[in-house]
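Colleague: Could you have a look at this structure, given as structure tokens, before my questions?
The values are calculated or read from the model by the stated rules, or taken from the named source; none is laboratory data. Values in this document were obtained by computation on a predicted structure and should not be read as measured data. Heads up, the Cβs are rebuilt from the backbone with ideal geometry, glycines too, and the neighbour counts pull from every protein chain shown.
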Amino acid sequence: MRNAIVATLAVLIAAAASGQLVALRPSTQQFLIPAAGAQAGNGGTFFRSDITIVNYRAADQRIRLQWLPQDVSGGSGPAVEITIAASSGIASEDFVTNVMQRSGLGAILVSAIDANGQPDSGAQLVGTSRIWTPQPGTAGTTSQSLPSIATIDISSSAVSILGARRDTRYRTNVGIVNLSPDVQTFQVIAFGSFGSEVRQIDVQPASMVLFGITGPASTTPLQIQVRNVTTVAFSSKFVAYASSVDNVTGDAWTTLGSNLPVPFP
């Protein structure tokens, strides 16, 4: 079972003659990992989070890790603080257990802070994440990647999620992370060959929810709209995503919500 402790990483800086180092996303001072966990699943699976956080700054960087739990308010929970050495990083294949000292499902808010515990605008952080499990009956694993999101890019009243599937082969779950200090109410509309279906859900402050989009099979990929319909203390600071899972192998993919229109039937 490949359950690694926290590892320290050296940042590889290519010389000019060796070509350009290409990053998938710019560095930032704060980002969100929208789902992370250490939790048993069905059929002998146990899901863990393989997370890497890299400090591209040429100086040591203090970070604060805030756990945003599933279904309950997380604003007052204790945070974890770690210093990452200059031009290096940390990694763990079971980050929630080894670093966060948590279990269950949640999200993680990663913030750069200075010596006084205040936001550090000079930080250059990058993070990657995947959720994985040993695959029962084999020596291998199955997993899905979950991209980290710079919080400066999080601002929406409604987001669209495209490409999820729900039929005899696949099931789909929707996750919503509420970064605000107030309860937020969301309307979730799923469109498919069956027509449309609507549900409404409250998400507690500094927390996340994950729920199945159940119903009739769709012969076309789902179109999902997540709209914040909060009437008091409205916040645009939320993230929504859909995770589609193969019912046989557990193979899965995640699609983040984006500020795209979803047509109503």
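Colleague: Can you list residue pairs whose Cβ atoms sit under 8 Å apart, with the first residue in region 46-69 being on the phi < 0 side of the Ramachandran plot and in contact (Cβ under 8 Å) with a residue 40 or more places away in the chain and the second being of a type in the set (Phe, Trp, Tyr) and not in a strand (DSSP E or B)? Count only pairs 6 or more apart in sequence or on different chains.
Modeller: Sorted first by the residue in region 46-69, then by its partner, the pairs are 48/95; 49/95; 50/95; 51/95.
Colleague: Which one of these is aliphatic (A, V, I, L, M), modelled with pLDDT of 95 or more and on the phi > 0 side of the Ramachandran plot: 217, 206? Before the answer, list the steps.
Modeller: On the way: 217 fails: on the phi > 0 side of the Ramachandran plot.
The match here is 206.
Colleague: I would also like to ask the following. Out of the residues in region 219-243 that are among the hydroxyl-bearing types (Ser, Thr, Tyr) and more than 13 Å from the chain's Cα centre (by Cα), which is surrounded by the most Cβ atoms within 10 Å (Cβ to Cβ)?
Modeller: 230
Colleague: Tell me the residue from 216, 205, 181 that is outside any strand (DSSP E or B), surrounded by fewer than 21 Cβ atoms within 10 Å (Cβ to Cβ), in contact (Cβ under 8 Å) with a residue 12 or more places away in the chain and in contact with a Phe, Trp or Tyr (Cβ under 7 Å, 6 or more places away or on another chain), please.
Modeller: Answer to the selection: 216.
Colleague: Let me ask another. I'd like to know if region 36-53 contains one or more residues that are at pLDDT 95 or above and over 23 Å from residue 132 (Cβ atoms).
Modeller: no
Colleague: State yes or no: is residue 131 crowded, with 21+ Cβ neighbours inside 10 Å and hydrophobic (A, V, I, L, M, F, W, C)?
Modeller: Yes; evaluated as a whole, the condition is true for this residue.
Colleague: Can I ask one more? Could you tell me which residue of region 105-160 is nearest to the chain's Cα centre (by Cα), considering only residues that are among the polar types (S, T, N, Q) and under 15 Å from residue 45 (Cβ atoms)?
Modeller: 144
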